[in-house]
Amino acid sequence: MDIRQIRTLTALALPAIIENILQIILGTVDLYFVGRLGTASIAAVGLTNLVMGILMAFFIALSIGAGAMTARYFGAKNYSLLSSALKHYLVLGLFAGLFTGFLSLLFVRFLLPYFSASEQMLSEAIPYFSVVAIPSVLLCLTMIIGSVLRATGDTVTPMKIGLYSNLFNIILTYTLTFGLFDLGILGVGLGTTIARLLGLLLFIRILLQRNELFSLSKSFRFPLDKELLGKIIRVGLPAGIERLIMRTGQLAYGYLIIQIGVTAYAAHNVAGTIESFSYLPGFGFGAAGAILIGQQLGSEDPEEARRFGNLAYVSGTVLMMAIAALFYVFAPQLSSVFSDDPEVIQKSVTVLRIIAFF
């Protein structure tokens, strides 16, 4: 393990970590603004995020498959197959996003009332969930394109687009929620969705600008290559199932916490939002490791791939433990950022300090 490997891994990991920070801030901004609206609104956003976690399992499966396959083809310098695979990723993402959007529509109509602890929480959850979860195709395609760009070694562009999306979100959310339109929690959801749309348009523009690599401007070929589709699904499916199992468990215990009361669930959501920042080194070094492992395997150098994988693992673990220590010490200050309800803050601190150990 030499200094060159450390520099290569860090150069890819840091933009990926910053991108993930920006992605989490997108949701954190929502929670901050929603916290100004009341405890029921915080709980409504938390419920939406629980269900979005289930949908994300499908998106993660596709984005991981797309990233792994792209890294292999890029490492092998097989740009023709890389371009063909990209079109398959986008078609799969489009169908997956539309399908999960349809499931979200059914959830709003038939299941959401059973997950709400009160009528007030339900009245807040329906508009927010509808405008954030139903157009989930935007998030799906964004995740896939970002994964493809990172797999080619470009972690800076997704980071920049994440920054622009956050700026859009802050301006739009404030304007729609408290400013000119005063739409309340509906404005928070609309701000997030419009910001995601603008981010997706920026990603598509980047792909079109890199036509020599991706050839996106050329027409799609139908029918799609079944063998290539099978490869993409086989690579991403295990990760998707893993996330689906985890998110289903979270949905189940989230339901139990909702039954305790709106305040308890609001506190749980505040702590969970803060907790999400602890994953950033793992995501960043995981993404960098996946890129480098895929490229080294494409170049037929499995030993170098193994060394990059071990380095990514150690780096991410050490940094995540450091963040956990900060969470334990500064739990009261962090919790008070998102709510001024003393009971919500007290419960959030308890949950956050338990989380810090795990």
So what J values fall out for region 65-79 if you push phi through Karplus, 6.51 cos²θ - 1.76 cosθ + 1.60 with θ = phi - 60°, rounded to Hz, Gly and Pro as x?
x, 5, x, 5, 5, 4, 4, 4, 5, 5, x, 7, 6, 9, 6
Mind checking the alpha-carbon convex hull of the chain and giving the volume per residue in Å³?
132
When only C-alpha pairs under 8 Å and at least 6 residues apart count, what is the relative contact order of region 72-138, in percent?
42
Which angle between 0 and 90 degrees, to the nearest 10, do you get for helix 262-275 versus the longest principal axis of the chain when only C-alpha atoms count?
30
Averaged per residue, what accessible area in Å² does region 217-335 show with a 1.4 Å probe, protein chains only?
55
Mind listing the phi-derived Karplus ³J(HN,Hα) values for region 156-173, rounded to whole Hz, using 6.51, -1.76 and 1.60 with θ = phi - 60°, and x for any glycine or proline?
6, 4, x, 5, 5, 5, x, 5, 4, 4, 5, 4, 4, 5, 4, 5, 5, 5
The chain, relative contact order [Cα under 8 Å, separation at least 6], %:
30
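The values are calculated or read from the model by the stated rules, or taken from the named source; none is laboratory data. Predicted model, so just to flag it, every value in this text is computed and none were measured. Surface accessibility is based on the protein's heavy atoms, side chains included, excluding ligands, DNA and RNA. Shrake-Rupley method; radii C 1.70, N 1.55, O 1.52, S 1.80 Å.
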